[in-house]
């Protein structure tokens with residue numbers, strides 16, 4: 001377990017570099033580091049200036065050991081917002097101590113406090129440790145849905161057609 005109960009804090013603009021470090025660490029774990037094009041400036045602009053996402057840090061004392069980046073989505077069926085968890089990462093040396101669960105509990109608490117209808121996220125199919133962890137919490141895989149994406153030139157081409 002953690003040495004102390006985790007303390008959570010919302011990221012500030014001055015944390016943009018730290019957020020990028022966590023993003024890169026997660027991308028490296030997911031074998032996708034070469035796909036990261038985010039910069040501190042983009043993080044500042046989109047998270048703090050445009051307020052399109054939020055970040056919480058899980059701290060062990062004064063040290064940030066995990067983070068979650070999330071934003072609100074909307075369910076037309078529920079008629080209310082939900083929270084979409086884009087990234088969840090705990091530093092390797094702090095895994096297995098309850099920080100991941102604590103972060104998800106904090107996000108669930110935030111969702112309930114804000115009146116949201118659900119908390120959801122994606123997980124890579126090969127990431128068995130995370131899948132097993134999510135299932136242990138009672139999360140349900142959405143087996144009837146397939147994710148589709150338009151990005152880069154394909155996105156631009158459709159927009160210009």
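Within the stretch 7-21, the only residue that satisfies the criterion of being within 22 Å of residue 105 (Cα to Cα) and assigned to a helix (DSSP H, G or I) is 19. Residue 111 falls short on exactly one of the conditions (1) under 28 Å from residue 31 (Cβ atoms); (2) in contact with a strand residue (DSSP E or B) (Cβ under 7 Å, 6 or more places away or on another chain); (3) part of a helix (DSSP H, G or I), and that condition is (1). Taking the stretch 144-161 as the range and being part of a helix (DSSP H, G or I) and either in contact (Cβ under 8 Å) with a residue 40 or more places away in the chain or surrounded by 10 or more Cβ atoms within 10 Å (Cβ to Cβ) (or both) as the test, the residues that pass are 154, 155, 156, 157. Residue-level check: of (1) at pLDDT 95 or above; (2) over 24 Å from residue 18 (Cα atoms), residue 129 misses just (1). Number of residues in the stretch 84-119 that are farther than 21 Å from residue 6 by Cα, without any contact (Cβ under 8 Å) to a residue 40 or more places away in the chain and buried (at least 17 other Cβ atoms within 10 Å of the Cβ) equals 1. Count of the stretch 45-58 residues, restricted to those that are surrounded by fewer than 18 Cβ atoms within 10 Å (Cβ to Cβ) and more than 14 Å from the chain's Cα centre (by Cα), is 5. Taken over the stretch 121-132, residues that are out of contact with any strand residue (DSSP E or B) (no Cβ under 6 Å at 6 or more places or on another chain) and surrounded by 14 or more Cβ atoms within 10 Å (Cβ to Cβ) amount to 3.
Taken over the stretch 22-44, the residue count meeting the criterion of being surrounded by fewer than 16 Cβ atoms within 10 Å (Cβ to Cβ) and part of a helix (DSSP H, G or I) is 9.
Only residues that are at negative phi and free of Cβ contacts under 8 Å to residues at least 24 places away in the same chain were counted in the stretch 51-72, giving 4.
The values are calculated or read from the model by the stated rules, or taken from the named source; none is laboratory data. Since the model is a prediction, treat every value here as computed from it, not as a measurement. Note that we place each Cβ from the backbone using ideal geometry, even for glycine, and neighbour counts take in every protein chain shown.
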